[in-house]
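The values are calculated or read from the model by the stated rules, or taken from the named source; none is laboratory data. Being a predicted model, the structure only gives us computed values, none of them experimental. Cβ sites come from the backbone with ideal geometry, for glycine too, and all protein chains shown count toward neighbours.
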Amino acid sequence: MLSLDAIMTYYGESQVLFGVSLEVGAGEVVTLMGRNGMGKTTTVRSIMGLTPPRHGTIRFDGAEIQGRPSHRIARLGLGLVPEGRMIFPTLNVRENLVATAANWGKAERPWTVDRVFGLFPRLAERAGHMGNALSGGEQQMLAVGRALMTNPRLLILDEATEGLAPLVREEIWSCLEALKAERQSILVIDKNLEALTRIADRHYIMEKGRVVWQGDTRALIADPELGHRYLGV
């Protein structure tokens, strides 16, 4: 579904990504891991057209998308839960969800506000509250729900549970497990190795703008030294 081939991305004259390649197949949950500052968010920004790569190729369903405007990339079926959540602070929960609702891909069972509330009952309880009145965990749930309302074929989560309380983190992981059961394709960035190995099919590890390891969950679990070497755990 998604394929990055040797992309190189810069901020001004500073190169951040050095030939990054990765793939996400239909129905897969794939992780992108690494310490802070290793290029994970820049990889996401490259995919979404926010910081287009200068070299390399990004394909979605076989079509090259690098260089396209971000809104056109999103309409192809890529939904982003950005680092920092970036919900609309002066809209309430329901309005945040409705504001992004779209079904560009003509999904047979599109996401609705009620369906999001079924996934996150706490949002239903807070439906009339403004975005800036929500807790960090509630904002993250809303950010996930807002992305789902675009009916993405590929859901991308950048720092899915960073800074959240343990109970809220588990709720997010449970949500992702439910989405996986529905064959939702997901690319997730996070540092919770235990949770990621529980829900994901394959993994990529980045260091200094390069993919330094890739493999399936069995291979990752079989080599605990990888976590110490590249993830700081």
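From the list ALA219, ALA195, which residue is surrounded by 18 or more Cβ atoms within 10 Å (Cβ to Cβ) and either of a type in the set (Lys, Arg) or modelled with pLDDT under 95 (or both)? Reasoning before the result, please.
Working: ALA219 fails: surrounded by 18 or more Cβ atoms within 10 Å (Cβ to Cβ).
Result of the check over ALA219, ALA195: ALA195.
Against the condition crowded, with 16+ Cβ neighbours inside 10 Å, of a type in the set (A, V, I, L, M), in a loop (DSSP other than H, G, I, E, B) and modelled with pLDDT of 95 or more, how does LEU4 come out, does it pass?
Values: crowded, with 16+ Cβ neighbours inside 10 Å: yes; of a type in the set (A, V, I, L, M): yes; in a loop (DSSP other than H, G, I, E, B): no; modelled with pLDDT of 95 or more: yes.
It is false that LEU4 is crowded, with 16+ Cβ neighbours inside 10 Å, of a type in the set (A, V, I, L, M), in a loop (DSSP other than H, G, I, E, B) and modelled with pLDDT of 95 or more.
Here is a check on your reading of the model: is VAL98 crowded, with 20+ Cβ neighbours inside 10 Å and of a type in the set (A, V, I, L, M, F, W, C)?
Working: crowded, with 20+ Cβ neighbours inside 10 Å: no; of a type in the set (A, V, I, L, M, F, W, C): yes.
No: the conditions fail for VAL98.
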Looking across the range 53-64 at residues that are in a loop (DSSP other than H, G, I, E, B) and modelled with pLDDT of 95 or more, the single one that is surrounded by the most Cβ atoms within 10 Å (Cβ to Cβ) is PRO53
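Could you tell me whether THR161 is in contact with a helix residue (DSSP H, G or I) (Cβ under 9 Å, 6 or more places away or on another chain), outside any helix (DSSP H, G or I) and among the β-branched types (Val, Ile, Thr)?
Working: in contact with a helix residue (DSSP H, G or I) (Cβ under 9 Å, 6 or more places away or on another chain): yes; outside any helix (DSSP H, G or I): yes; among the β-branched types (Val, Ile, Thr): yes.
For THR161, the condition - in contact with a helix residue (DSSP H, G or I) (Cβ under 9 Å, 6 or more places away or on another chain), outside any helix (DSSP H, G or I) and among the β-branched types (Val, Ile, Thr) - is met.
For residues that are part of a helix (DSSP H, G or I) and charged (D, E, K, R), scanning just the range 26-52, find the one that is farthest from ASP216 (Cα to Cα).
If we filter the range 26-52 for residues that are part of a helix (DSSP H, G or I), which is where we start, we get 40-47.
Filter once more, keeping what is charged (D, E, K, R): 40, 45.
Numbers: LYS40: 19, ARG45: 24 Å.
Per the stated criteria, the residue is ARG45.
So for the range 109-122 (the condition being in contact with a strand residue (DSSP E or B) (Cβ under 7 Å, 6 or more places away or on another chain), buried (at least 19 other Cβ atoms within 10 Å of the Cβ) and not charged (D, E, K, R)), does at least one residue qualify?
Filtering the range 109-122 down to residues in contact with a strand residue (DSSP E or B) (Cβ under 7 Å, 6 or more places away or on another chain) leaves none.
No: the range 109-122 contains no residue that is in contact with a strand residue (DSSP E or B) (Cβ under 7 Å, 6 or more places away or on another chain), buried (at least 19 other Cβ atoms within 10 Å of the Cβ) and not charged (D, E, K, R).
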Look through LEU123, LEU142 and report the one residue that is without any contact (Cβ under 8 Å) to a residue 60 or more places away in the chain, under 20 Å from ALA74 (Cα atoms) and part of a helix (DSSP H, G or I). LEU142
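Determine whether the range 177-186 contains at least one residue that is crowded, with 17+ Cβ neighbours inside 10 Å, touching a helix residue (DSSP H, G or I) at 6+ places or on another chain (Cβ under 7 Å), touching a residue at least 24 places away in the same chain (Cβ under 8 Å) and not in a helix (DSSP H, G or I). Lay out the reasoning, then the answer.
Here is the first cut: in the range 177-186, the residues crowded, with 17+ Cβ neighbours inside 10 Å are 179-180, 184-186.
Filter again for touching a helix residue (DSSP H, G or I) at 6+ places or on another chain (Cβ under 7 Å), leaving 180, 186.
Going one step further and asking which of them are touching a residue at least 24 places away in the same chain (Cβ under 8 Å), we end up with 180, 186.
Narrowing further to those that are not in a helix (DSSP H, G or I): 186.
Looking through the range 177-186, at least one residue is crowded, with 17+ Cβ neighbours inside 10 Å, touching a helix residue (DSSP H, G or I) at 6+ places or on another chain (Cβ under 7 Å), touching a residue at least 24 places away in the same chain (Cβ under 8 Å) and not in a helix (DSSP H, G or I).
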